[in-house]
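Okay, structure first, notes after.
The values are calculated or read from the model by the stated rules, or taken from the named source; none is laboratory data. The structure presented is a predicted model; accordingly, all values stated were derived computationally and were not measured. Heads up, the Cβs are rebuilt from the backbone with ideal geometry, glycines too, and the neighbour counts pull from every protein chain shown. Ligands, DNA and RNA are stripped out before the accessible areas are found, and what is left, the full protein with its side chains, is counted by its heavy atoms. Shrake-Rupley method; radii C 1.70, N 1.55, O 1.52, S 1.80 Å.
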Amino acid sequence: MFLLHGIYGAGRNWGSVARRLVRARPDWSIALVDLRSHGRSPRLSPNSVDECASDLLRLEEYLDRPADAVLGHSFGGKVALLYARRRAARYARPGDGAARRAGALGQLWIIDSNPGTGRPGGSAWRMLGVLRRHPGPFGSRAEAVAAVESEGFSPLVAAWMATNVQRDGQGDWEWRLDPDEMEAYLRDYFRSDAWDVVESPPTGAGVHFVKATGSGVLDIAAVERIREAARRTGQVSLHQAEGGHWLNTENPAALHEILANGLAG
């Protein structure tokens, strides 16, 4: 499984979720991906969802095998959907059934991510304001945590966001995220449409959505559209977990239960 974090995140943020899942399901292994401009990956342009999806195809080539499943949270969820679209096109060779079978994607797990377009908003967009209003430097990591909390975010989310500060040359702490780059990624997320992957899933692939009950990312209209795709295709499922948008931080136990029970063997 390729596991894709959300905006401002990094693969290591999902390390505890991944370790627990592999212990429960030793038939699976997980690659924690740092998307471009995040974690230890280089800051590359263009800053778009589709280019992040293209990076996953390059990762396949490096690993010399395609993933059997992809999990994406928030921004990473739309990356996962566009990756599925690109991958289906790559292996759709006329008359080459072996290529299609080798490239078949088993499952997509989309964690609190809306496949459609919309106006920029939500907690991830609010967090962009934190980067701009509190640019640092900070005297300690705790000061960065306090800055995020001052904008109304929970202590858990603030502590997670503060993993994005690093030492500067003077011994203080600074954000390693560029707010202009993050804004470009978010704007592209809100203008990118991936409903075609949900409503016409890749052959044989199960598409699982997990909605955080305390989040409005998947609104009523999106939930109904997912349910309609489930009724029509038989390949789409909708799960719900108590908690806010950052489920891996706020309610990892519920997320683990859904994944451990839902992953195909």
Along each principal axis, Cα extent of the chain, largest first, Å: 61, 38, 37
Using the Cβ atoms and a cut-off under 12 Å, what net charge is assigned to the surroundings of Thr117, where Lys and Arg are +1 and Asp and Glu are -1? +2
Tally up the carbon and sulfur contribution to the accessible surface of the chain as a whole percent, 1.4 Å probe, everything protein left in place. 49 percent
Per residue, accessible area of the range 170-265 with a 1.4 Å probe, heavy atoms of protein chains only, in Å², comes to 45 Å²
Per the Kirkwood formula over distinct C-alpha pairs, the hydrodynamic radius of the range 190-242 in angstrom is 11.6 Å
For the range 163-240, give the share of DSSP beta bridges that are antiparallel, in percent and rounded to the nearest 5; count only bridges with both residues there. 40 percent
Accessible area per residue for the range 1-42 in Å², computed with a 1.4 Å probe and the full protein assembly in place, what is it? 42 Å²
Return the Rg/Rh value of the range 7-142, two decimal places, where both radii are evaluated on C-alpha atoms and Rh is the Kirkwood radius. 1.01
Go through the range 1-53 and name the trypsin sites (Lys or Arg not before Pro) that are in a DSSP coil and have 10 or fewer other Cβ atoms within 10 Å of their Cβ. Arg40
Largest first, please: the extent of the C-alpha atoms of the range 124-265 along each principal axis, to the nearest Å. 58, 32, 28
Note the per residue figure in Å³ for the convex hull of the C-alpha positions in the range 62-200. 140 Å³
Which percentage, to the nearest 5, of the DSSP beta bridges contained in the chain is antiparallel? 15 percent
Please compute the net charge surrounding Ala254, taking Lys and Arg as +1 and Asp and Glu as -1 over other residues with Cβ under 14 Å from its Cβ. -2
